[in-house]
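Structure first, commentary second.
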Amino acid sequence: MPEDTHDRYIERVITRQSPTGTITFSLDPAKCVRVARFVGAITDRVLIDAYEPLLRDPAFDSTQSDLVDLRDVSQMDVTSAGLHRLIALYEERGPAGAHTRNAIFAPSDVLYGVARMFQTLRGEVEPAEIEIFRQFEEAERWMAGLPDSSASG
């Protein structure tokens, strides 16, 4: 995220680092948005090590929407097994109880493909509003409820 955009999201930041990649979560409770910023080489282990403590935290707010920013991923080695494990962690939390939006900013073909796989698998479990975007600004507009032209579905 550009620094000025990133600053407006930060209230509480949680970072999970590994030698290969990092996932940082920042919260904007006023907008009910949680931003996940992926950096570096992301593997199943990096993904689960980041999301498991977040989703098991009693303070986790399942009514917040999610904006996933994949722009700084240098290598994506997440498998369908890793995505199934992530979805199982969400299932353990139970239903959100509120309508949420999940925007995934995936600027490259590889990232888009993994995001699309997550969208498809997650849709089988919980019909959630999950969209994938090639332009970050379009993802932000959609999260704000404004019309866009680049969402997939």
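The values are calculated or read from the model by the stated rules, or taken from the named source; none is laboratory data. Because the structure is predicted, anything quoted here is derived from the model rather than measured. Here the Cβ is made from the backbone with ideal geometry for all residues, glycine too, and neighbour counts use every protein chain on show.
Considering only residues that are more than 14 Å from the chain's Cα centre (by Cα) and not in a helix (DSSP H, G or I), which ones fall in the range 33-56?
Result: Gly40, Ala41, Thr43.
Just the residues that are of a type outside the set (A, V, I, L, M, F, W, C), in contact (Cβ under 8 Å) with a residue 40 or more places away in the chain and surrounded by 14 or more Cβ atoms within 10 Å (Cβ to Cβ), please, taken from the range 74-98.
The answer is Arg85, and nothing else.
What residue, of Arg101, Arg71, Arg56, is surrounded by 14 or more Cβ atoms within 10 Å (Cβ to Cβ), touching an Asp or Glu at 6+ places or on another chain (Cβ under 9 Å) and of a type in the set (Lys, Arg)? Reasoning before the result, please.
On the way: Arg71 fails: touching an Asp or Glu at 6+ places or on another chain (Cβ under 9 Å); Arg56 fails: surrounded by 14 or more Cβ atoms within 10 Å (Cβ to Cβ).
Just one listed residue meets the conditions, Arg101.
In this structure, is Ala88 under 24 Å from Lys31 (Cβ atoms) and hydrophobic (A, V, I, L, M, F, W, C)? Walk me through how you get there before you give the answer.
On the way: under 24 Å from Lys31 (Cβ atoms): no; hydrophobic (A, V, I, L, M, F, W, C): yes.
It is false that Ala88 is under 24 Å from Lys31 (Cβ atoms) and hydrophobic (A, V, I, L, M, F, W, C).
Could you count how many residues in the range 1-57 are at pLDDT 75 or above, more than 21 Å from Glu92 (Cα to Cα) and basic (Lys, Arg)?
Residues flagged as at pLDDT 75 or above, more than 21 Å from Glu92 (Cα to Cα) and basic (Lys, Arg) within the range 1-57 amount to 2.
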